[in-house]
Structure formats: C-alpha cells, structure tokens
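Values in this text are rule-based calculations from the coordinates and carry no lab data. Keep in mind it's a predicted model, so treat the numbers as computed, not measured. Every residue, glycine among them, receives a Cβ derived from its backbone with ideal geometry; neighbour counts consider all protein chains shown.
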C-alpha cells in the first residue's frame, strides 16, 4: 500500500466498487486477500500464451475467456467454469488490464456466480511509452506470481 495514500483512500481500496451486471470491482490487493483467505476463487481468464509469456498466479484457476490468436470468446468457457467452480461461489476474475475480466464477470454472474472484476488486471495500464507493469496491476502491487 502506498504510504502516501490517505486513510480514506486506503479504506476505499478495501471495499468492492459497484458495477453494472456483476457483483463489483475490487482492487488486486482485496482480491488477493479474499483468495488467500478462501473467501473467493481466483480465475485467471488470460490466454495460455499470456500466462506462458508474461507470468501466472500459482494456484489460480486458468480458464481462458478468449483464445489466442483470434481472440474470440471461447464457446466452452461456461462449461469449464461450471466444471471447476460450484455455482454461487464468489469469484474474482483476472485479465491483463481489468477490461476482459469485466465481460467474463458479467457472464459468470449470468451463470449464478458472485463475480468480481479485478481492477488493473495482472499488468495494469500502459504508461506514456506504452509499457505495462509500471502503473498498477497484480505484479506491480507485489502479489504472488511466477514467470515460466
């Protein structure tokens, strides 16, 4: 947590934010706490290629939302999610930047899950040079991950 952050900012980061069509948006830190405490299942919806090239979260469920290279929504996403996570479970969805995970959170909600989008995703937003991993995200915040 940023030492310069105000107490109200810290409290805000510890609460889900309302969202339309799914349970809400959560910070990477809150998602990680829920996951590590057994209060949520962490579902990494990035492509297999992204996890192979950029890194992964040990212990997360890996269920691609879109498949590389065409980046079409996987027709069997629902089947894979249902096979691995009981309906009604709280899940936190992780993608690269927190964009695809909104769509997957909406779909999971339609399937009967309490689904949250992880803000900032695994790598955060690009900086002025177009580089990720400098502005937020799971990795920058020092949460568990591995390469290769």
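On a full-extension model of 0.36 nm per residue, what is the gain between residue 61 and residue 111, subtracting their alpha-carbon distance, rounded to one decimal in nm? Working shown, then result.
Working: separation 50, 0.36 × 50 = 18.00 nm, distance 1.71 nm.
Taking 0.36 nm per residue and subtracting the Cα distance, the gain is 16.3 nm.
For the chain, give the share of DSSP beta bridges that are antiparallel, in percent and rounded to the nearest 5; count only bridges with both residues there.
Of the beta bridges lying entirely in the chain, close to 30 percent run antiparallel.
What is the order of 138, 53, 145, fewest Cβ neighbours within 10 Å to most?
Values: 138 28, 53 11, 145 16.
The order, fewest Cβ neighbours first, is 53, 145, 138.
Run the helix sum for the chain: -39,500 (n - 2.57) per DSSP H stretch of 4+ residues, divided by residue count, reported at 222 nm to the nearest 500 deg cm²/dmol. All intermediate terms of the calculation are to be shown ahead of the outcome.
Working: 5 runs with 42 residues, N = 148.
The helix-only estimate for the chain comes to -8000 deg cm²/dmol at 222 nm.
With the calculation restricted to Cα positions, what are the radius of gyration and Dmax of the chain in angstrom?
Rg and Dmax of the chain, Cα atoms, are 14.7, 45 Å.
What length, rounded to one decimal in nm, is gained on full extension from residue 84 through to residue 133, with 0.36 nm per residue of separation minus their alpha-carbon distance?
Length difference between fully extended and current span is 14.7 nm.
Below 8 Å, C-alpha to C-alpha, sequence gap of six or more: please give me the relative contact order for region 23-118 in percent.
Relative contact order comes out at 34 percent.
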